[in-house]
1. Determine which member of the set B:N69, B:N118 is under 30 Å from A:L42 (Cβ atoms), assigned to a helix (DSSP H, G or I) and modelled with pLDDT under 95.
2. Could you list, ordered by first residue, the pairs with Cβ atoms under 7 Å in which the first is in segment A:1-20 and closer than 17 Å to B:K140 by Cα and the second is of a type in the set (S, T, Y) and surrounded by 12 or more Cβ atoms within 10 Å (Cβ to Cβ), at least 6 apart or interchain?
3. Restricting attention to segment B:70-88, report how many residues are under 13 Å from the mean Cα position of the chain (by Cα) and either exposed (fewer than 15 other Cβ atoms within 10 Å of the Cβ) or not assigned by TED's automatic domain parsing to the domain that holds B:I129 (or both).
4. Within segment A:24-34, how many residues turn out to be farther than 14 Å from B:L76 by Cβ and either assigned to a loop (DSSP other than H, G, I, E, B) or more than 7 Å from chain B (Cβ to nearest Cβ) (or both)?
5. Considering each of A:K47, A:K6, A:K37 in turn, give the residue that is surrounded by fewer than 18 Cβ atoms within 10 Å (Cβ to Cβ), farther than 25 Å from B:V134 by Cβ and within 14 Å of chain B (Cβ to nearest Cβ).
6. Would it be correct to say that B:T57 is modelled with pLDDT of 95 or more, among the polar types (S, T, N, Q) and not assigned by TED's automatic domain parsing to the domain that holds B:R137?
7. Cβ-Cβ distance below 8 Å, separation of 6 or more or different chains: which pairs start in segment B:77-89 with a residue that is within 10 Å of chain A (Cβ to nearest Cβ) and within 17 Å of B:T127 (Cβ to Cβ) and end on one that is hydrophobic (A, V, I, L, M, F, W, C) and part of a helix (DSSP H, G or I)?
8. If a residue must be surrounded by fewer than 16 Cβ atoms within 10 Å (Cβ to Cβ) and within 14 Å of another protein chain (Cβ to nearest Cβ), how many such residues does segment B:118-140 contain?
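The values are calculated or read from the model by the stated rules, or taken from the named source; none is laboratory data. Computed from a prediction, not measured in an experiment: that's the story for all the values here. Neighbour counts run over all protein chains shown; Cβ positions are idealised from the backbone, glycine included.
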Amino acid sequence: MKNRLKVLRAERDWTQADLANALAVSRQTANAIEKGKFDPSLPLAFKIARLFNLTVEDIFIDDEHT
Amino acid sequence: MKDINQDGTICTPHHKTNILHLGLWTLAWLASTALLRFGAEYIWDYQPAYSIAALMTHLALGVAMIMVNVKHLANLDELQRKITMDAMGITLGVGLIAGIAYEQLEDIKLISFEPEINHLIMLMSITYIISILVGNRKYK
């Protein structure tokens, strides 16, 4: 699943470690989600959305509907 | 306070404590295994009461180790948990398939010695370590 995390993070001048800290996950996990290697659970996806004040759909793009 | 290791793994004081507890309980369980194995022969001369006490201690420490491991798993983040659970699944599968095949080897006269559980434990340990490394590399 693609996502806009890298752009959103860059807009706020956050490092992956900052994002990982804010989400209480490892940097490995933040990186894997950002690169689309790992799809987060629904609770973590909502947590990410809350962090950026966006909806889940604004951040994650379903590959099957693109 | 939360630290991020160079390899990207998360390391809170809570996380470190869990790993330390897991290591200590594993060491205690290993020590009880050695005591059970060699105590009867070298310390209490096969007296059943001592052997039963050593066996009960060994089992109790094993249960404690499992519970600490479950707690450790619960405190991992979801990717770390997936990597660990995948590695456990592969290890269980390899252990079951290789264990049954290995056990048959003597029966069908392909080996002349009796299969030992230690060999299976070593295979499972190596499988688990490789699976963890491959999993971490996959999501690097």
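1. Values: B:N118 fails: under 30 Å from A:L42 (Cβ atoms).
Residue meeting the stated conditions: B:N69.
2. A:A20/A:S26; A:A20/A:T29
3. Of the residues in segment B:70-88, the ones under 13 Å from the mean Cα position of the chain (by Cα) are B:70, B:84, B:87-88.
Subset that is either exposed (fewer than 15 other Cβ atoms within 10 Å of the Cβ) or not assigned by TED's automatic domain parsing to the domain that holds B:I129 (or both): B:70.
Within segment B:70-88, residues that are under 13 Å from the mean Cα position of the chain (by Cα) and either exposed (fewer than 15 other Cβ atoms within 10 Å of the Cβ) or not assigned by TED's automatic domain parsing to the domain that holds B:I129 (or both) number 1.
4. Number of matching residues: 3.
5. Details: A:K6 fails: within 14 Å of chain B (Cβ to nearest Cβ); A:K37 fails: farther than 25 Å from B:V134 by Cβ.
Just a single option satisfies the conditions, and that option is A:K47.
6. yes
7. If the second residue must be hydrophobic (A, V, I, L, M, F, W, C) and part of a helix (DSSP H, G or I), the pairs left are B:I83/B:I132.
8. As a first pass, look at segment B:118-140 and keep what is surrounded by fewer than 16 Cβ atoms within 10 Å (Cβ to Cβ): B:118-119, B:121-122, B:125-126, B:129-130, B:133-134, B:137-138, B:140.
If we keep only those that are within 14 Å of another protein chain (Cβ to nearest Cβ) too, we end up with B:133-134, B:137-138, B:140.
Total satisfying the criteria: 5.
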